Amino acid sequence: MSIRVMLVDDQVLLRTGFRMVLAAQPDMDVVAEAGNGAEAIETLRSTKVDVVLMDVRMPRLDGVEATRRICAQPGAPRVLILTTFDLDEYAFSGLKAGASGFMLKDVPPGELLSAIRAVHSGDAVVAPSTTRRLLDRFSPMLPGGAQPRNKELDRLTSRESEVLLLVAQGLSNGEIAGRLVLSEATVKTHVGRILTKLGLRDRVQVVVLAYETGLVRAGGNPGL
């Protein structure tokens with residue numbers, strides 16, 4: 001089955017470039033395009049999409065709010081935020097809104113394709129170290145002080161809590177396995193259980209939750 005992709009960007013030329021790259025892939029189909037978030041939401045009502053490539057700055061409805069509305073729907077497609085990073089200060093908000101990650105607009109074609117496939121398979125596409133740097137950069141956007149502790153955190157086992165803290169500090173599954181002397185498969189299982197218990201979609205949202213609740217502070221350090 002081909003991965004059904006929607007391109008959302010107010011720049012027609014940019015959509016054309018992405019469409020040409022994706023059209024050359026045997027496992028991808030660009031099934032819809034939109035020039036802003038409002039058009040994207042309207043199109044999704046009648047078109048089945050697996051992955052949305054979402055620009056941030058657009059007229060009528062920006063990518064962050066569109067992502068929030070899309071991800072709030074049952075069976076929603078995965079969303080990748082497209083950002084210029086140095087200019088857009090909405091990437092963190094996009095992750096909070098439910099995006100599975102973010103990419104630079106000038107990403108090499110190979111990385112873009114890999115990211116789409118990863119998201120379609122259920123993974124987050126932001127590298128753990130990149131996630132940490134992003135959140136450190138935008139930590140001033142967080143509310144002052146730690147937010148009320150998520151009661152669901154109390155459902156985690158001691159081992160799962162350990163894994164959560166290491167995920168939040170930007171470690172990959174392999175690095176966590178080495179730190180805790182576990183197999184990578186075991187770590188992956190723990191991460192899966194953490195996501196289920198906390199009602200999160202991917203490890204990116206684990207990091208966001210850890211920062212918001214004060215479990216981790218800017219710099220990737222435990223907030224103890």
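Here, each number is a calculation from the coordinates, and none is a lab measurement. Given the structure is predicted, the values throughout are model-derived calculations rather than measurements. Reconstructed Cβ throughout: ideal geometry from the backbone, glycine too, with neighbour counts over all protein chains shown.
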(request) Would you pull out the residues with amide H under 5 Å of residue 214's amide H, same chain only if 5 or more places away, H placed 1.01 Å from N? (result) 147
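What net charge do the residues around residue 194 carry, taking every other residue with its C-beta under 14 Å from that of residue 194, with Lys and Arg at +1 and Asp and Glu at -1?
Taking every other residue near residue 194 into account, the sum is +2.
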(request) Return the sequence-ordered ³J(HN,Hα) values of segment 190-203 in whole Hz as given by the Karplus equation 6.51 cos²θ - 1.76 cosθ + 1.60 applied to θ = phi - 60°, using x for Gly and Pro. (result) 4, 4, x, 5, 4, 4, 5, 5, 8, x, 10, 8, 7, 5
(request) Take the Cβ-Cβ distance between residue 162 and residue 73 as r, set R0 to 41 Å, and report the resulting FRET efficiency rounded to the nearest 0.05. (result) 0.75
(request) For each pair in 96/188; 48/151; 48/105; 96/197, compute the distance between the two Cα atoms and list the pairs where it is over 27 Å. (result) 48/151
